[in-house]
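The values are calculated or read from the model by the stated rules, or taken from the named source; none is laboratory data. The model shown is predicted, which means the values in this text are computed figures rather than measured ones. Cβ sites come from the backbone with ideal geometry, for glycine too, and all protein chains shown count toward neighbours.
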Amino acid sequence: MSNATAKPILAIDVGRARIGLAISDELQLLAHPLETIPANANALGRIGAIVRERKIDKVLVGLPRRMSGEIGPAASEALKFMEKLRAGLPCEVIAFDERLSTAAATRALQEAGKNTRQTRGYVDQVAAQIILQDYLDSQRQTEVR
């Protein structure tokens, strides 16, 4: 879907304390960190506002499966959050496997010389960015085939 009429995709990394958000460009080629919001009662409203403001037509929720592929407690929480999003958003909401995205985000930030305390509010955005970039890359590979 690499045409000029594409709309940005929003990716969400759901955590117990914080929710990381990332957004694609309109060509759906690159993912960019957007913001980190508290995982509280206001989260759904904030995400809904972003979807409307930025004219998002697809929301990607990271599904942290276990390495075996099973659904564990974290993935169950993400699925519950996804159902709330589906009920409240006017767009498609899909799950995408995000095993190890937070670990990859933490590693990338450490390699950039950032310590854990400096990156606490940012790591969730970077995890969402990694999830979204993986998704965008997988979509392009599907188009090429």
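Summary of values
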| item | result |
| --- | --- |
| Enumeration of residues in segment 35-51 that are among the charged types (D, E, K, R) and in contact (Cβ under 8 Å) with a residue 24 or more places away in the chain | Glu35 |
| Residue in segment 19-49 that is nearest to Glu83 (Cα to Cα), counting only those that are surrounded by 20 or more Cβ atoms within 10 Å (Cβ to Cβ) and touching a Ser or Thr at 6+ places or on another chain (Cβ under 8 Å) | Ile19 |
| Residue that is modelled with the highest pLDDT, among those in segment 121-145 that are of a type in the set (Ser, Thr, Tyr) and over 10 Å from Ala11 (Cα atoms) | Ser138 |
| Residue within segment 18-28 that is in a loop (DSSP other than H, G, I, E, B), over 17 Å from Tyr122 (Cβ atoms) and either at pLDDT 95 or above or of a type in the set (Asp, Glu) (or both) present | yes |
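A quick yes/no check of all residues on (1) assigned to a helix (DSSP H, G or I); (2) closer than 16 Å to Leu132 by Cα; (3) at pLDDT below 80; (4) polar (S, T, N, Q):
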residue	(1), (2), (3), (4)
Ala41	no, no, no, no
Gly48	yes, no, no, no
Arg52	yes, no, no, no
Ile56	no, yes, no, no
Ile71	no, no, no, no
Glu83	yes, no, no, no
Ala87	yes, no, no, no
Phe96	no, yes, no, no
Ala108	yes, yes, yes, no
